[in-house]
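Read the structure below first, then the notes.
Bear in mind these aren't lab numbers, they're just calculated from the coordinates by the rules spelled out. None of these values were measured; they are calculated from a predicted model. All Cβ positions, even for glycine, are placed from backbone atoms using ideal geometry, and neighbour counts span all protein chains on display.
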Amino acid sequence: MIPASLRKLLAIGSGAGFEITGARGSESLRIAAVRVRPSGARVLGGFTIEDFQHQPAAAWGADYAAFLGKLGLRHVAATVVLPRHEVIVRQLALPGISGKDLAGAVRFQMDSLHPYSEEDVLSSWTRLQDSSTVLVAIVRAEVIQRYATLFAEAGMKIAGFTCSAAVTYSALRLFGGKPSGEVLAYETVGNTVEIYGESPSKPLFSAAFELEPERAMALAAAELRFEGADKGRVVGPGFDMPFARAK
């Protein structure tokens, strides 16, 4: 693990990312390119392809290639943020377990975290910083294969797949710091409200509700054990935690 004091100095590079978002069956593809320096991150540009799965892949793939070409980033491979409705996000409290024992402990509990057969899922996990909590993300293998095939048809280079909870958690610590106090943020996608939060009593909270934003935020604030939704902050994306097949 890279010490927090060195992370800011090592934050140098440029990359691209996709976020798949929107109602199931009519998702949009948000594309962004970012340049990171120790002084901060800067969005170089971006665009959105609406209902991209029902558009010709070759056409929007060509648009993406032209976009990267203008920025001198044709060589980069993008990380894909999967839609929240495709990902099961779980947390495991594993105090006193580390190293190879930690991997074994996660595998031991994996079957209890999802309703699918072992052969049908891909998963990834990471221990949250300064915590005994392990964040686990699970997705059906068919979902990854479907998107990987689609992006290959479009001629897009893909580095890996991740989820919004891991992206946000990583972004908040990109330059070696950590959020102070409490974090509570939401995004409305169709009739669903996706929530991300952190608090001293819960290192990470991720959920999606089919509720009005105010009601969803109130439920999340109660789960995080703090009052109101105006105490925290959330910053732009960083990418982490690629999926790997469960073993």
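Here are a few things to note about the model shown:
- Taking every alpha-carbon pair under 8 Å whose residues sit at least 6 apart, segment 88-135 reaches a relative contact order of 53 percent.
- In Hz, Karplus ³J(HN,Hα) per residue of segment 168-176 (6.51, -1.76, 1.60; θ = phi - 60°; x = Gly, Pro): 5, 4, 5, 4, 5, 10, 4, 9, x
- Degrees, to the nearest 10: 213-224 long Cα axis against longest axis of the chain: 40 degrees
- Summed side-chain charge close to VAL193 - residues other than VAL193 whose Cβ falls under 14 Å, Lys, Arg +1, Asp, Glu -1: -4
- Dipole check for segment 26-118: with +1 at the C-beta of Lys and Arg, -1 at the C-beta of Asp and Glu, and the Cα centre as origin, the magnitude is about 600 Debye.
- Looking at segment 74-154, the trypsin sites (Lys or Arg not before Pro) that sit in a DSSP loop and have at most 13 other Cβ atoms within 10 Å of their own Cβ are ARG74.
- Computed on segment 127-237, with alpha-carbon pairs under 8 angstrom and 6+ residues apart, the relative contact order is 24 percent.
- Against the rule of thumb 2.2 N^0.38 Å, how large the Cα Rg of the chain comes out: 1.02
- Contact order normalised by residue count of the chain, Cα under 8 Å, 6+ apart, percent: 20 percent
- Cα-centred dipole magnitude for the chain, charges only on beta-carbon of K, R (+1) and D, E (-1), debye, nearest 20: 1140 debye
- Förster-model FRET efficiency, 35 Å R0, ARG146 and LEU219, C-beta, rounded to 0.05: 0.65
- Rg over Rh, two decimals, segment 180-231 (C-alpha only, Kirkwood Rh): 0.94
- In the chain, the longest principal axis of the Cα atoms and the axis of helix 141-153 are about 30 degrees apart.
- Normalising the Debye intensity of segment 12-132 to I(0), with uniform scatterers on Cα atoms only, and taking log10 at q = 0.10, 0.23 Å⁻¹ returns -0.49, -1.21.
- Where Cα atoms sit under 30 Å apart: lysine pairs in the chain separated by 8 or more or lying on different chains: 15
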